[in-house]
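Scroll down for the structure; my scribbles are underneath it.
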């Protein structure tokens, strides 16, 4: 599975949009981009996933570049409860989810 | 929504004893479950893949005789840490893949914190 690169940490003001980037320049054609988050001392929570089209659900939006080498997770109106570590994972034809180091998002009042 | 539970949520044991952790999918069947380990301030590390009715597949570097996995039914997988030592102290998390799902729909449990004295 392709490796991902994410910033170590980011800050965001409450109520503003949080844009979390992920680089996956070695992604191949059949690999999906998944986003999970982990709030402190809890299990990871699924957020969204996509292949090449932009996706939106009740939690977030996922923007994937046309060449699929990078993507951005957007939390449109961040709240304090969105403070967590966000993981961008690229998964191919396997059940495994391999977690990288993620981005620690701190939402402040 | 799909719920995965783990029991116990935390456990403290003496060095040399064995500890069993249960992972249950409460409202769906899971042919495949996964076990992860997470040390403080680190990411989740996949330990093994557990398939119902067959032997688990362990990741490189994970001792299968130390971390015994049993997946006897479609809703239950257990991880037994045998002869636990202080270096086994960690946060153990399971996930369950919903059987028949069209994509890799995995749901994670809340984790079990193991402290070995």
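For residue B:41 and residue B:9 in one chain, what is 0.36 nm times their gap in residues minus the Cα-Cα distance, to one decimal in nm? Spell out each step's value before the answer.
On the way: separation 32, 0.36 × 32 = 11.52 nm, distance 1.90 nm.
Contour length minus the Cα-Cα distance gives 9.6 nm.
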> In peptide A:97-105, how many Cβ atoms from other protein chains are near each Cβ within 10 Å, on average?
Replying inline: 3
> Under the definition of partner shielding as Cβ atoms of other protein chains within 10 Å of a residue Cβ, what is the mean value for peptide A:85-95?
Replying inline: 2
>> Among A:42-50, B:68-76, A:7-15, B:87-95, how do they line up by average Cβ neighbours within 10 Å per residue, starting with the highest?
In response: B:87-95, A:42-50, B:68-76, A:7-15
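How would you rank A:16, B:97, going from fewest to most other Cβ atoms within 10 Å of each one's own Cβ? List each step's numbers first, then the result.
Numbers: A:16 12, B:97 23.
Fewest-to-most Cβ neighbours within 10 Å comes out as A:16, B:97.
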> Just the Cα atoms of the protein assembly as shown, one point each, no solvent: what log10 I(q)/I(0) does Debye give at q = 0.12 Å⁻¹?
Replying inline: -0.67
> What ranking do A:53-59, A:32-38, A:66-72 get when scored by the average of other Cβ atoms within 10 Å per residue, highest first?
Replying inline: A:32-38, A:66-72, A:53-59
>> Could you tell me how far the Cα centroid of region B:11-46 sits from the Cα centroid of region B:73-117, in Å?
In response: 3
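Let me make sure I get this right: for chain A, a, b and c are the square roots of the gyration tensor eigenvalues over alpha carbons, sorted descending. Under 1.5 in a/c it's rounded, otherwise prolate if a/b > b/c, else oblate. Which is it? Intermediate results must be reported in sequence, preceding the final value.
Details: a/c = 1.89, a/b = 1.54, b/c = 1.23.
It is prolate, given that a/c is not under 1.5 and a/b is the larger ratio.
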>> Along the Cα→Cβ direction, 7 angstrom out, place labels at residue B:82 and residue A:40. What is the inter-label distance in nm?
In response: 3.8
> How big is Rg to Rh over region B:1-83, alpha-carbon atoms, Rh as the Kirkwood inverse-mean-distance radius?
Replying inline: 0.96
> For region A:7-54, what are the per-bin percents of Cα-Cα distances with bins 5 Å wide, up to the bin holding the maximum?
Replying inline: 5, 14, 20, 25, 21, 11, 4, 1
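Any read-out appearing in this document is the output of simple, stated calculations on the displayed coordinates, not a laboratory observation. Here the structure is a predicted model, which means the values were calculated and not measured. So basically every Cβ, Gly included, is an ideal-geometry build from the backbone, and we count neighbours across all protein chains shown.
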